[in-house]
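See below for the structure under consideration.
The values are calculated or read from the model by the stated rules, or taken from the named source; none is laboratory data. Bear in mind the structure is a predicted one, so any value in this text is a computation, not a measurement. Using ideal geometry, Cβ is built from the backbone for each residue, glycine included, and neighbour counts are taken over all protein chains shown. Each accessible area value is taken on the protein alone, full model and side chains, heavy atoms only, with ligands, DNA and RNA left out. Shrake-Rupley method; radii C 1.70, N 1.55, O 1.52, S 1.80 Å.
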Amino acid sequence: METLYSSFLPKQNTSSFRIHHQNSNPKPKIKANSSLTTFHPTKANPPSKKLILQKRRNQSFVATILNKLDDLICNFLDLPLRPSIDPKHVLAGGLAPVDELSPTACTVVEGSLPPCLDGAYIRNGPNPQFIPNGPYHFLDGDGMLHLIKISQGKVTFCCRYVSTHKHAAERDAGYPFVPSVFSSFNGAVASAARAALLAARVLTGQFDPINHGFGAANTSLALISGRLYALCESDLPYAVDITADGDIKTLGRHDFGATDPITTMTAHPKIDRITGEAFAFAYNIEAPFLSFFRIDSGGVKQKNVPIFSMNGFSCAHDFAVTANYAVFFDIQITVNPWWILRGRSPAGADAERVPRVGIIPRYAVDERDMRWVEAPGLNVLHCANAWEEEGGAAITLVASNAAAVENLLERVDLAELTLEKITVNVEAATVERRPLSKKPLDFAVINPAYAAKENRYVYAVVIGMQAGVGVVKLDLSMEDGGDCTVASRLYGPGCYGGEPFFVAREPNNPTAAEDDGYLVAYVHDENAKESRFVVMDAKSSTLEIVAAVKLPQRVPGGFHGLFVSESHLHKM
C-alpha cells in the first residue's frame, strides 16, 4: 500500500528484461531472453580506495545528522502512539524480531516426517532489522524468510532477510527511516517533517526508490515460471534462491521483462498449473487505479489492461482467477491523502464506499467486458479459491471477509473476519453469501491441485488476539447452513501458529482423495519458549500431529508461505 509514495515519483523505465541488484556497481547485465538469473558483470574502472572511504565518511556524517533529526520528530512532533502503531506493543512477545540464522541442523522430536515432505517449506513475514523509535505497524517490517529443508530425514532450518533496497539503505544508515502509509503519518506536523527528511535522504543519495523501489518484500512467496519470488504489493517481486545446503540468497528485484512499465505487483498472483501462466494486478493512487496483467509461461509480462471503471483507489489485497475469468474486489479500505491534513493516517476505511465485485475475461485486452456487481458489506481480504458453475453463468468463491472493516488496520481480532462462500451470478448481477463457520477465520488454503476448480475442503486459521490460535478443516459440501467445520486443532494456551500449507501425500496421483495429505505450519509455544515445525494429518478428525521438528530459534508471527518439492528445488 506504499503506492501512495511511489505515485509521486517519476515513472521507472522498465523497457527491458532485468533483475535489479541494489548492491552492485556497476549494474550487472542479464541475458535478454532468459527468465532465470544469469549475471554478466560489466567491465569498468573501479574508483580508488581513498575515494570510496571518503564517500563513505561523507555519507555516514549525513546519515548521522538525518537520523538525529528523525529522532527529534519521534520524540517531539509525533502524536501519542496508539497501541496499533506503538513498537513497544506491536513488537512484544511473539512478534518480537529475530536475527538471521544460517542453515542449522534440527531434530525430529515427535513422530516421523512423511517422504512427500522432502523439499523445503518457506514462509514470509515482517521482521524489522531495527526497533523503531517512532510509530510502527505490524505490516511495516522487513521481509524475512523462514526455511525448513528436508532431505531423506535430514532437516535444517534457516532464516534470512530478503535483501531489498529498503533493507540495504536502512542497514547502511543504521536507522529505520523509510516511511509507512500505515504508521508514519502520525500528525500533520510530523508527516510534513518526515516527508522532508525522506526527500533529503533521496537527494543525498542514501535512498533511491525511483530506480530500486522501497517495498519490504514481507508478505508472500510465489513460484512463477520456475523461479521463487518474495512479494509485497508495494514493490516488484524479489527473486530468491534456495541453495543446496538450505540457505537463502536474494537474487534481485524483477520486472518480468515488462514493456508496459510496472513498479508494483500484487502479493497474491494466481498461477495456472496447466498453462504455467501467472495472473497479477497492480493498484495505483491515480487513474487507472487498477491494472490487470499476465505473465506467460516463459516468465515474460504481457501488456497491462487498465481498469478505468475502478472509480477510486481501493487497497484490494487479493483477487481470484477461474478457467475463464479474473475476479476483483473493490473494497472500503482506501488511501486518501487529504486525511493527512487531519493528522491521521491516509490508509483507512471509507464507510460511504459501497463494495463491488468485478469480473473480466482473463485474456481480455481491454476492459470493455468488465462487469461490476455491488456487494454491500463484502470486504474481501484473502481468496482461497474460485471456480465457474452453470457454464460460466455463475462464479463461486471462498474468501475471508472483514465485517468490521474499520478495525482491520487497528486490531485484526476485532475486524470480525469470517470465511464465506460467495456466489456471483454474472448475468443477473447478484451476489449471494453464506458464512462457513462461526469462528473468526482467515488465511484459508486448499489442496493446490484444485486451484480454479471446484473443491470440497478448506483449511483456515482461527484468529486470536495476536495471531492464529489453531486450524480448522471445512467441508463445503455441507450445504445445510450453519458451521461446516469437520475437524479442528487448537494449539493450546500460550501457543500460536500461522497459515498452514497443504502437501499431498501422493502429489502425482490423479485418483488420490482431495484431503489425502498433510498440513504443515510453524507453531510457537510462548510458555516453553520453543518453536516447532508441525505436520498435521489433513484427513484426521482432529488434524492429528504426525511429526514435529524442534527449531533452533523462535519463529515470529508472519504471513504466507509455500512448499517446494525436492524435485523442483533441483530444477531451480
Collect the residues in the stretch 311-331 that are open to solvent by less than 10 Å² (accessible area, probe 1.4 Å), closer than 24 Å to Glu277 by Cα and hydroxyl-bearing (Ser, Thr, Tyr), keeping them in residue-number order. Thr322
From the residues in the stretch 516-572 that are modelled with pLDDT of 95 or more, among the small types (Gly, Ala, Ser) and not in a loop (DSSP other than H, G, I, E, B), which one is farthest from Tyr450 (Cα to Cα)? Ser531
Taking the stretch 339-364 and the residues there that are over 27 Å from the mean Cα position of the chain (by Cα) and open to solvent by 50 Å² or more (accessible area, probe 1.4 Å), the one that is nearest to Glu406 (Cα to Cα) would be Glu352
All positions within the stretch 353-379 that are part of a loop (DSSP other than H, G, I, E, B) and of a type in the set (A, V, I, L, M, F, W, C): Val354, Ala364, Val365, Met370, Ala375, Leu378
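Restricting to the stretch 295-316, name every residue that is touching a strand residue (DSSP E or B) at 6+ places or on another chain (Cβ under 6 Å) and assigned to a loop (DSSP other than H, G, I, E, B).
Taking the stretch 295-316 and keeping what is touching a strand residue (DSSP E or B) at 6+ places or on another chain (Cβ under 6 Å), we get 295, 301-302, 304-307, 310, 313-316.
Within the stretch 295-316, Gln302, Asn304, Ile307, Met310, Phe313, Ser314, Cys315, Ala316 qualify.
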Inter-residue pairs, beta-carbon under 9 Å, first in contact (Cβ under 8 Å) with a residue 60 or more places away in the chain and in the stretch 432-450, second among the charged types (D, E, K, R) and surrounded by 22 or more Cβ atoms within 10 Å (Cβ to Cβ), 6+ apart: Asp442/Glu499; Phe443/Glu499; Ala444/Glu499; Val445/Glu499; Asn447/Asp515
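Asn455: polar (S, T, N, Q), at pLDDT below 95 and in contact with an Asp or Glu (Cβ under 9 Å, 6 or more places away or on another chain), yes or no? Give the steps one after another, and end with the answer.
Working: polar (S, T, N, Q): yes; at pLDDT below 95: no; in contact with an Asp or Glu (Cβ under 9 Å, 6 or more places away or on another chain): yes.
Judged against the criteria, Asn455 is not a match.
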For the stretch 183-208, what are the residues that are buried (at least 22 other Cβ atoms within 10 Å of the Cβ) and in contact with an Asp or Glu (Cβ under 8 Å, 6 or more places away or on another chain)? Ser183, Asn186, Arg194
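For residues in the stretch 471-482 being surrounded by 14 or more Cβ atoms within 10 Å (Cβ to Cβ) and outside any strand (DSSP E or B), which is modelled with the lowest pLDDT? If you could, list the steps in order and put the result at the bottom.
Of the residues in the stretch 471-482, the ones surrounded by 14 or more Cβ atoms within 10 Å (Cβ to Cβ) are 471-476, 478.
From what's left, outside any strand (DSSP E or B): 476, 478.
Values: Leu476: 96, Met478: 91.
Across the stretch 471-482, the extreme among qualifying residues is Met478.
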When the stretch 74-101 is checked residue by residue, the ones that are under 20 Å from the mean Cα position of the chain (by Cα) and in a helix (DSSP H, G or I) are Ser84, Ile85, Val90, Gly94, Leu95
Being among the small types (Gly, Ala, Ser) and more than 26 Å from Asn324 (Cβ to Cβ) is the filter; apply it to the stretch 224-256 and report the residue that is surrounded by the most Cβ atoms within 10 Å (Cβ to Cβ). Ala230
Taking the stretch 141-164, which residues are within 17 Å of Asp235 (Cα to Cα) and open to solvent by 20 Å² or more (accessible area, probe 1.4 Å)? Tyr161, Ser163
Report whether or not Ala547 is out of contact with any Phe, Trp or Tyr (no Cβ under 6 Å at 6 or more places or on another chain), free of Cβ contacts under 8 Å to residues at least 24 places away in the same chain and open to solvent by less than 40 Å² (accessible area, probe 1.4 Å). no
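Across the stretch 209-223, which residue is most open to solvent (accessible area, probe 1.4 Å) among those that are within 9 Å of the chain's Cα centre (by Cα) and either closer than 11 Å to His254 by Cβ or not polar (S, T, N, Q) (or both)?
Filtering the stretch 209-223 for residues within 9 Å of the chain's Cα centre (by Cα) gives 217-221.
Still in the list and also either closer than 11 Å to His254 by Cβ or not polar (S, T, N, Q) (or both): 217, 221.
Numbers: Ala217: 2, Leu221: 18 Å².
Among those residues, the one meeting the criterion is Leu221.
Got at least one residue in the stretch 39-60 being farther than 30 Å from His254 by Cβ, modelled with pLDDT of 95 or more and loosely packed, with under 12 Cβ neighbours inside 10 Å?
Scanning the stretch 39-60, I find no residue that is farther than 30 Å from His254 by Cβ, modelled with pLDDT of 95 or more and loosely packed, with under 12 Cβ neighbours inside 10 Å, so the answer is no.
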Could you list, in sequence order, all residues of the stretch 179-205 that are among the β-branched types (Val, Ile, Thr), over 22 Å from the mean Cα position of the chain (by Cα) and not in a helix (DSSP H, G or I)? Thr204
Those residues of the stretch 396-424 that are touching a helix residue (DSSP H, G or I) at 6+ places or on another chain (Cβ under 8 Å), open to solvent by 40 Å² or more (accessible area, probe 1.4 Å) and in contact (Cβ under 8 Å) with a residue 24 or more places away in the chain come to a total of 3
Restricting to the stretch 266-296, give me the number of residues that are under 27 Å from Asn336 (Cα atoms), aliphatic (A, V, I, L, M) and open to solvent by 10 Å² or more (accessible area, probe 1.4 Å). 3
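Going through the stretch 80-100 one residue at a time, which ones are aliphatic (A, V, I, L, M) and surrounded by fewer than 16 Cβ atoms within 10 Å (Cβ to Cβ)?
As a first pass, look at the stretch 80-100 and keep what is aliphatic (A, V, I, L, M): 81, 85, 90-92, 95-96, 98.
Once the filter is applied, which keeps residues that are aliphatic (A, V, I, L, M) and surrounded by fewer than 16 Cβ atoms within 10 Å (Cβ to Cβ), the stretch 80-100 yields Ala92, Ala96, Val98.
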Which residues, taken from the stretch 425-469, are on the phi > 0 side of the Ramachandran plot and either surrounded by fewer than 21 Cβ atoms within 10 Å (Cβ to Cβ) or out of contact with any Phe, Trp or Tyr (no Cβ under 7 Å at 6 or more places or on another chain) (or both)? Ala429, Phe443
Just name the residue that is nearest to Ser565 (Cα to Cα) out of those in the stretch 487-512 that are open to solvent by 60 Å² or more (accessible area, probe 1.4 Å) and outside any loop (DSSP other than H, G, I, E, B). Arg489
Determine which member of the set Pro128, Pro176 is within 27 Å of Leu228 (Cβ to Cβ), open to solvent by less than 20 Å² (accessible area, probe 1.4 Å) and part of a loop (DSSP other than H, G, I, E, B). Pro128
